[in-house]
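No lab work stands behind these numbers, since they all come straight from the coordinates. Worth saying up front: this structure is predicted, and the values here are computed from it rather than measured. Virtual Cβ from ideal backbone geometry, glycine too; neighbours counted across all protein chains shown.
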């Protein structure tokens, strides 16, 4: 099976129902996407499929074989951080940072569709992502900042 | 002022999760200090002055408080780079940053030149663990003194070299500068070709907090770039050549005994290693899918117990199952005569509070990678106690500690929930059999079921007060949740305080703030109820019975910022609560709204926080905000449901934690006491949240909620 990840083609030999997250992490060493719950309830594994957020922990790899997959590793373009990453650096958002990749992917997808999201739109888009350290107010602040960059 | 370093402090975690262990002692050995290579200057912090360097022939049996105890050291290498070696670990409290700031401040260096080497048992000195908010007050103070000593030593070296007085020199930006002649020399040049070891103890002058330039500022999280680009390797991200993935067979319920296990099908799967060793049954395979199939292929018969309590009857169960076991910390206190104090009181109050078990849910579950080579075991694992895990491994595998190395890369949080080494032991046993490295990462369900919980408990309060609002009697008994924050922080002449341990049906242990989340809840709810009984303002009633200035200031600061005396709309209520824990003083105000369907919404939380001189204001505010949000979960809806020895909500779709939508407007006011030593900040921020919300609901709707969580369904019943 050939996967299109971060603009590169990757040939993988796996059963079709293996989770995309497992393929990314164990087969391709793209470990930025995290395991948090295995049931799409925490958002730590969030990636983009054709620009839309998806929980890679419960996405069978065969379902994304012909699609554009973007992970946290693909967000940096030509050595430049995405706006949301820059804003997060500036806001100094995270504590343990384990949720960071999923948060950043969810926020990047939101900003792509809605470059100046309201607080309500941010809450709605981000509510599937858990930060157990409770840095939510700083994430919101960073997304608002990113929308101005 | 009493020096905090020398205060004997009780072993901080709720010790239930820890096996009893001997204290380690680290031997001073010059070679150890230069393990990183090269020469340079080392300054080690020791707790005592009696130091004998190079004397490595001592027996290993060292008496407690041995002069050989080294808690941390700083190594300035021949290139002027600074390595700080400490047993503390980073689990998101951003201690890597704040300890770097403290060292940078004294050494007059940019933070970027400092490398923190943390939680590697082969390299760093023994440390009991990262818990109890000790990193800043204890480790921070020691590193500060070591760094100050190093700076003075460098000045001395330069003075000798230039044949001048030390007083004419100063340190600046990694250089020693002759103030008059402007001659300069780098730290590395001064230490080149030397192997200098200095030890210091307590009486080293350090820079006063009011003069701080680096400490006291919001230095951004070090290594932040690695985290936000997905490059940081947590243990669960690690991969070693030839590494297998491991899984362990779990019982179907707590206390179940393995009768037999048919391993033949699992063994027949290509590439699978199966281990059965006593009660341990585990499998390893080259990929996660195969190892999962192998685990499912094991046909095991279990004998299950039938006498399990459930969360439906847990409070009754705890009261009926008190334990004889007494912990020294849990003796409680008795002052005056509580019974006569109660009899004589004009107002009498009695209440019972119930606290449910809750889960830590570190977003990164327990994980370990283990590797054996030449009889030595190396384990990378996410733990708050690398040396504790080293000890567990050395006991389990009957190895000398020197044959066990535990390393702790910065980990996906702990909140007191990662004091133990389960995954490390499991990975090590599988790796031993497989003769290859093995990684074990717990599933969320395993983390929910086989880790440990914040204890449930029952708290009974009997209190009395005079008409003028003086508390005359205070009887407080905590069943099971623990001794932290047990004693009242108000002035009471007659009191009886006790913690009664119970036989817990669930494995329990430390949690952020330990039992003070429960004890402060019961105390601060009772204070509000008493105030209402006497018809006093809840804040005024507290202040009348307080003589702790820091607590008073925290309450008043929060109340002022919140607008405690402002009018509120119908259906809205205000609540206040506070306390102090591990040097952190907190005052919390909450506003709630109860609508006509009796649904409750927390609108805002205002919290004043004071923990001495602030090392990093932004990270402190972030930490306190996080504690408030974590506190919301336990206050409103988090509860472990269990029955028949099983956890019924062992997943994040079933167990609700605070999310974006749950967050009220939060205002944190930091009180910077530059005249006081810096204390820890990770814990006290959580303690006022639940009682402030409870008291606000009482204010809004007249409903006194006495069980945590208060609103599992979001509305008053």
(request) Report, largest value first, the span of the C-alpha coordinates of region B:156-310 along each principal axis, in whole Å. (result) 82, 42, 33
(message) Given R₀ = 45 Å, what would the calculated FRET efficiency be for residue B:122 paired with residue B:310, taking r from the Cβ atoms and rounding to 0.05?
(response) 0.50
(message) Just checking the output field for A:98-105: average partner chain Cβ neighbours within 10 Å of each residue's Cβ?
(response) 5
(message) I need the per residue convex hull volume for region A:2-74, using only the alpha carbons, in cubic angstrom as a whole number.
(response) 73 Å³
(request) Report relative contact order for region A:2-74 in percent, whole number only (criteria: Cα-Cα under 8 Å, sequence separation at least 6). (result) 41 percent
(message) Relative to 2.2 N^0.38 Å, what does the C-alpha radius of gyration of region B:336-441 come to as a ratio? Two decimals please.
(response) 1.73
(message) Taking beta carbons within 10 Å but only from partner chains, what does the mean come to for residues B:90-98?
(response) 3
(message) Regarding chain B, what's the average projected area of the Cα-atom convex hull, expressed in nm²?
(response) 34.0 nm²
(request) Run the quick spin-label model on residue A:58 and residue B:646: label points 7 Å from Cα toward the beta carbon, then report their separation in nm to one decimal. (result) 1.9 nm
(request) Evaluate the relative contact order of chain B (contact order divided by residue number), counting alpha-carbon pairs under 8 angstrom at least 6 apart; express in whole percent. (result) 14 percent
(message) Can you tell me the convex hull volume per residue for the protein assembly as shown, based on C-alpha atoms, in Å³ to the nearest whole number?
(response) 182 Å³
(message) Need one value for B:243-256: mean number of C-beta atoms belonging to other chains within 10 Å of its residues' C-beta atoms.
(response) 0
(request) Tell me what chain B gives for mean residue ellipticity at 222 nm when only DSSP H runs of n ≥ 4 count, each as -39,500 (n - 2.57), the sum divided by the residue total, rounded to 500 deg cm²/dmol. (result) -7500 deg cm²/dmol
(request) In whole angstrom, note down how far apart the Cα centers of region B:435-510 and region B:608-631 are. (result) 23 Å
(request) Consider all pairwise Cα distances in region B:150-245 and report the whole-number % of them above 18 Å. (result) 67 percent
(message) Just to be sure I understand: if I project the alpha-carbon convex hull of region A:28-132 onto a plane and average over all orientations, what area do I get in nm²?
(response) 7.1 nm²
(request) Report the equivalent ellipsoid semi-axes for region A:100-149 in whole Å, largest first, defined as the square roots of five times the eigenvalues of the gyration tensor built from alpha carbon atoms. (result) 16, 11, 10
(message) Given a Förster distance of 35 Å, report the FRET efficiency between residue B:350 and residue B:256 from their Cβ-Cβ distance, rounded to the nearest 0.05.
(response) 0.30
(message) Could you check the spin-label model distance between residue A:68 and residue A:118? Points 7 Å from the Cα along Cα→Cβ, value in nm.
(response) 2.9 nm
(request) Could you tell me what fraction of 2.2 N^0.38 Å the Cα radius of gyration of region B:85-243 comes to, as a two-decimal ratio? (result) 1.19
(request) With an 8 Å cut-off on Cα pairs and a minimum separation of 6 or more residues, tell me the relative contact order of region A:83-146 in percent. (result) 57 percent
(message) Just the number: Rg to Rh for region B:566-615, Cα atoms, Kirkwood Rh, two decimals.
(response) 1.15
(message) What is the distance in Å between the Cα centroid of region B:359-393 and that of region B:237-315?
(response) 19 Å
(message) How far apart, in nanometres, would the label points at residue A:50 and residue B:675 be if each is projected 7 angstrom from Cα along the Cα-to-Cβ direction?
(response) 6.7 nm
